[in-house]
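Worksheet: one structure, shown below.
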Amino acid sequence: MSVHDAGTERLTDATAGTGFRTGRPDGPDTSRGAGGGRRRRRRGGRGEQPVVPDATFTSYYGRPVVKPSPWEADIPAYLFFGGVAGGSSLLAAGADLTGRPSLRRVARIGALGAISVSFAALVHDLGRPRRFVNMLRVAKPSSPMSVGTWILTLYGPFAGVAGAAELTGNALRRGWLPQRLRPVARLLHAAGRPAGMVAAGTGPAVAAYTAVLLADTATPSWHEAYRELPFVFVGSAGAAAGGLGLLAAHGGDTGPATRLAVAGTALEMLAEQRMERSMGLTAEPLHQGTAGRLMRASKVLGVLGAAGAAVSAAVPQLGRWLRRPAGAALLASSVCTRFGVFEAGQASARDPKYTVVPQRERLERSGRATT
Amino acid sequence: MTLTTGGVPPVRAGVAAAVPDGAPVRTADPDDPARKSGWDGAPRRKGFFTDTSICIGCKACEVACKEWNGVPEDGLDLLGTSYDNTGGLGASTWRHVAFIEQPAAPARPAVDLGMPARHRGSAGPGADRTGDTAGASTGPAERTDFRWLMSSDVCKHCTHAACLDVCPTGSLFRTEFGTVVVQDDICNGCGYCVPACPYGVIERRVEEHGPKNVGIAQKCTLCYDRLEVGRTPACAQACPTASIQFGDVEELRERAAARLATLHDQGVAEARLYGDDPDDGVGGAGAFFLLLDEPEVYGFPPDPVVTTRDLPAMWRRAGVAAVTLLAGAAASFLGRRR
Ligand code: SF4
Ligand code: SF4
């Protein structure tokens, strides 16, 4: 790529990030080839030294190359609740098998609630919600959304039965149910454990597939994250499910929730660090603007939550006070991770830099560049 | 540079290459996308070769497309960047003519001239917003030669189409002509195709554009209805310079190579083809281009890759992550009971 240093330099200093975005007609000082396209020097930010090697790039009047997804808050919410559901089904099954009734109860009802909200968010996000069923007319391995829909279709009913068993079980035992409903409740109760096991078997898929959903796009900061994003998301799911357990289960039952939350937070943070290194330039949006604030909040809340959970387990006297705030912090951290990753991707699609520069570099590395 | 018109095919490209009624020419190519999608005895793959070197920016294609396909108005904006006020492809823009004004020679750095020139930085931000063409604000002494680039963009009808791969309803499908088309009555507006397209072509229509197909993904159909009756797509039919050429992709590729050779012979060294290579990241586009500058100058991605190429690796990673979560949860129930 031809770079005309002097011209570029001035353009950079005067216009990077400012005039560029106002869509001003080309000034006389644009370097050749800048065209509608202008070459912009990549910088770490105003007044900072470049954090990455210098590169310039051209675009069509600063317009995006790829389109950001039309998705709104529904989708990151869907990612979060899917994670809570998947993780909770695991905790519920474990609690069921090891005799921790309050954890089982919280996790089963939590999974049912979360998957319901998650499903509602998915449908609500559609341009034509009534046509949701069209998702079920095909099964396409090449479409993560199709695969995900089928995973949900498998997981949902089982998580639902386990949750319903929990909701009706109490009423049944206390004889609150009318005679007519008792057989149904007894059936649900009997089905609770096997259904919970199937939900636990499919729950991890619910938590992990959403990373592929985002990564299988041309959105730079999602696609380039594909290697580690599944680990970030399952870590976040574990932390959130653990957080829910800490928030609502009886203190005596929360040991596994604590361990899952701490391990999940650790996995999420390690994977996130590695992810940023492997993403190159496209990691930048994770540090800027709304996405940057969310990702920082996620880290702070995650560390506080995990530390609070660990202290609660070690010092039961403190745990009585600390457990619930720690659980809430862990859930909030997971929300921030999902919204942060989502927003970073949207921002990366809006700025042509993240599409053009990595592709240009790839071309030059492979010797396919034309100039 | 002067625009060269040499090498334009003598006959109106589209008309000559159209499939005659009832007698489609069948393809034997085993890699043909229509064949691979299960079409038996499909006609030859159809596409566009857009030769931007002879585009005059008249936008007849944009208008013809809107007229034929009933594409609603998508806003009357003045973008303030060039003579292009459409901006880019979208749900209600299926042909888009890019217009680029750039200096034809390297601009001399103003600092070296020692002139009291008005340039960015000296008069503060925003001072040059009055809108100057190349050199206009600085007088003849600094006036540079400039050139206009014009290019009519369209859906690439990729051989490996990400939009089609990721569509969870099967609304997007491969036609017998090897093109990629949305079925309006099946799309549920999930929007997945939108971020999947490496060229930013397809988009979900919003309410402001009118009541038709709101919430549904929309893009160029390569005039599927016209192709079925052996007609040329509306844009190619309307193009007065044959910048948009319609025909069999195989034949168009040859034509493009010949046109490139002609331009190179005439000294237009910056001419290059974009999207014609079957070995590129999308397996070659059904609609490809002859450009006079880097692709990104026109708003094209320089090295597009179909995102699903990495999908097997993504599923593997997600599988390992899911197992990790399962194992981690199981492990959290081990150990001391509390
Ligand atoms: S250019 Fe985009 S919308 Fe057109 S076929 Fe390729 S992926 Fe699909
Ligand atoms: S928006 Fe429509 S065409 Fe696009 S992927 Fe979803 S269902 Fe398919």
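What the table shows:
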read-out: Elements of type helices (runs of 4 or more DSSP H) contained in segment B:179-264, each with 2 or more residues being in contact (Cβ under 8 Å) with a residue 12 or more places away in the chain and in contact with a Ser or Thr (Cβ under 6 Å, 6 or more places away or on another chain); value: B:193-196
read-out: Test: residue in segment B:298-313 that is surrounded by fewer than 20 Cβ atoms within 10 Å (Cβ to Cβ) and over 19 Å from residue A:65 (Cβ atoms); value: yes
read-out: Meets criteria (more than 7 Å from every other protein chain (Cβ to nearest Cβ), part of a helix (DSSP H, G or I) and not β-branched (Val, Ile, Thr)) for residue B:309; value: yes
read-out: Residue in segment B:264-293 that is nearest to the chain's Cα centre (by Cα), counting only those that are surrounded by fewer than 18 Cβ atoms within 10 Å (Cβ to Cβ) and of a type in the set (D, E, K, R); value: B:277
read-out: Qualifying position, being near ligand 2 (Cβ under 9 Å from one of its atoms), surrounded by fewer than 22 Cβ atoms within 10 Å (Cβ to Cβ), among the aliphatic types (A, V, I, L, M) and at pLDDT 95 or above, among B:202, B:186; value: B:186
read-out: Within segment A:237-275, tally of residues that are facing another protein chain (nearest Cβ under 10 Å), assigned to a helix (DSSP H, G or I) and hydroxyl-bearing (Ser, Thr, Tyr); value: 1
read-out: Single residue of B:173, B:177 found to be aromatic (Phe, Trp, Tyr), at pLDDT 95 or above and away from ligand 2 (no atom under 16 Å from the Cβ); value: B:177
read-out: Only one of A:70, A:50, A:25 that is touching a strand residue (DSSP E or B) at 6+ places or on another chain (Cβ under 9 Å) and modelled with pLDDT of 95 or more; value: A:70
read-out: Segment B:70-93: number of residues that are buried (at least 20 other Cβ atoms within 10 Å of the Cβ) and away from every other protein chain (no Cβ under 14 Å); value: 1
read-out: Criterion violated by residue B:229 - all others in (1) more than 10 Å from ligand 1 (Cβ to nearest atom); (2) buried (at least 23 other Cβ atoms within 10 Å of the Cβ); (3) more than 8 Å from chain A (Cβ to nearest Cβ); (4) not charged (D, E, K, R) satisfied; value: (2)
read-out: Residue within segment A:274-285 that is surrounded by fewer than 17 Cβ atoms within 10 Å (Cβ to Cβ), closer than 30 Å to residue A:354 by Cα and of a type in the set (Lys, Arg) present; value: yes
read-out: Qualifying residues in segment B:179-206 (those that are among the polar types (S, T, N, Q) and more than 17 Å from residue A:124 (Cβ to Cβ)) - the one farthest from ligand 1 (Cβ to nearest atom); value: B:183
read-out: Residue list for segment B:42-69, restricted to those being more than 14 Å from chain A (Cβ to nearest Cβ) and part of a loop (DSSP other than H, G, I, E, B); value: B:42, B:44, B:45, B:55, B:56, B:58, B:59
read-out: Residue selected from segment B:205-217 under the condition under 18 Å from residue A:132 (Cα atoms) and either more than 8 Å from chain A (Cβ to nearest Cβ) or more than 9 Å from ligand 2 (Cβ to nearest atom) (or both), by the criterion surrounded by the fewest Cβ atoms within 10 Å (Cβ to Cβ); value: B:214
read-out: Single condition residue B:167 does not satisfy, out of (1) surrounded by fewer than 21 Cβ atoms within 10 Å (Cβ to Cβ); (2) at pLDDT 95 or above; value: (1)
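Residue-by-condition table, conditions (1) touching a helix residue (DSSP H, G or I) at 6+ places or on another chain (Cβ under 7 Å); (2) of a type in the set (A, V, I, L, M, F, W, C); (3) touching a residue at least 24 places away in the same chain (Cβ under 8 Å); (4) farther than 18 Å from residue A:82 by Cβ:
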{"position": "A:220", "(1), (2), (3), (4)": "yes, no, yes, yes"}
{"position": "A:239", "(1), (2), (3), (4)": "yes, yes, yes, no"}
{"position": "A:251", "(1), (2), (3), (4)": "yes, no, yes, yes"}
{"position": "A:257", "(1), (2), (3), (4)": "yes, yes, yes, yes"}
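The values are calculated or read from the model by the stated rules, or taken from the named source; none is laboratory data. Note that the structure is predicted; figures quoted are calculated from it, not measured. Cβ: placed from backbone, ideal geometry, glycine included. Neighbour counts: every protein chain shown.
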